[in-house]
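In what follows, a structure is listed as structure tokens, so that the remarks can point back to it.
What follows is calculated from the coordinates using simple rules that are stated; it is not laboratory data. This one's a predicted model, so the numbers in the text were calculated from it and none came from an experiment. Glycine also receives a Cβ, built like all others from the backbone with ideal geometry; neighbour counts cover every protein chain displayed.
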Amino acid sequence: MIELVLIAILSLLAQLFLPWWSLAIVAFGVCFWRSSGSGRAFLSGFLGVALVWLIYALLIQLRTDGVFVGRMSELLFKTNTSVLPALVACLLGGLVGGLAGLSGYFVKQATRAQPISRTASRSR
């Protein structure tokens with residue numbers, strides 16, 4: 001749970017000043033530091049970023065009274081619905097965050113020092 005909150009807050013702050021893909025760096029770093037399992041790392045990254053992008057989409061929807069999102073929906077999906085662009089944005093952002101979090105966990109596992117087994121140390 002703490003990973004999800006950290007990813008959401010830090011990616012929100014990072015995207016204010018850095019490019020959109022900075023969320024991947026945040027998810028990677030948080031899951032490298034804190035995650036305890038691969039499924040948890042992916043889920044934390046996915047939900048943390050998807051939540052932030054859903055909030056961004058809702059803010060754009062409210063600020064423009066749906067005009068901007070409606071036009072984007074017509075341009076991209078040939079339909080006038082405001083749900084589809086928000087859903088696609090959340091899904092794509094969530095996948096980037098989830099895969100970055102999963103990568104962070106796997107890099108942590110790969111760089112962790114392997115313990116020496118007792119049988120290998122006795123035979124020397």
If you project the alpha carbons of region 2-111 onto their three principal axes, what span does each projection cover, largest first, in Å?
-> 48, 25, 21
Under the Karplus relation with 6.51, -1.76 and 1.60 and θ = phi - 60°, whole-Hz ³J(HN,Hα) for region 24-38, x at Gly and Pro, equal 5, 5, 5, 4, 4, x, 5, 6, 5, 7, 10, 6, 10, x, 5
Gain in length, R112 to I25, computed as 0.36 nm per residue apart minus the alpha-carbon separation, to one decimal in nm?
-> 29.3 nm
By how many degrees, between 0 and 90 and to the nearest 10, does the Cα long axis of helix 2-17 differ from the longest principal axis of the chain?
-> 50 degrees
Residue-by-residue Karplus 3J(HN,Hα) for region 88-105, coefficients 6.51, -1.76, 1.60, Hz, glycine and proline x = 5, 4, 5, 5, 5, x, x, 5, 4, x, x, 5, 5, x, 5, 5, x, 5
Using 7 Å Cα-to-Cβ label points, what is the M1/F17 separation (nm, one decimal)?
-> 3.0 nm
Would you work out the charge dipole size for region 2-111 about its Cα centre, treating the Cβ of every Lys and Arg as +1 and the Cβ of every Asp and Glu as -1, and quote it to the nearest 20 debye?
-> 120 debye
